[in-house]
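FYI, it's all coordinate maths here, none of it is from the lab. Being a predicted model, the structure only gives us computed values, none of them experimental. Positions of Cβ are backbone-derived with ideal geometry, glycine not excepted, and every protein chain shown enters the neighbour counts.
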Amino acid sequence: MTDTSQTLDTLPLNQKARIVEYTDDIVSQHLLEMGCLPGYEIYVNNIAPLGDPISVVVSGTIISLRKSDAACVIVSIKN
């Protein structure tokens, strides 16, 4: 099995992944405060009709994120 890394904003609907790291310090601080910790499982469960924002589930909590913020989250998918 190999791991594929990509940003959260490009993750397909309902595809589970693990948070690897953040590329922006300010966004990472906000997400860490909401419980989005590296190593936690995350998936996109809904996308707004115009594509922004997206709704993600992490640790059983639904969080709405701007796509620009989601682009700062690097996730890993196991293939």
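Brief remarks on what is shown
- Label corresponding to Cα Rg over 2.2 N^0.38 Å when calculated from the structure given, among (1) 1.21; (2) 1.55; (3) 0.98: (3)
- Each helix, a run of at least 4 DSSP H residues, gives -39500 (n - 2.57); summed and divided by the residues of the chain, these come to -4000 deg cm²/dmol at 222 nm.
- Dipole check for the range 3-78: with +1 at the C-beta of Lys and Arg, -1 at the C-beta of Asp and Glu, and the Cα centre as origin, the magnitude is about 280 Debye.
- Backbone N under 20 Å from the Lys16 label point (7 Å along Cα→Cβ), restricted to the range 35-51: 35-47
- Other residues lying with their Cβ under 12 Å from the Cβ of His30 contribute a combined charge of -3, Lys and Arg counting +1, Asp and Glu -1.
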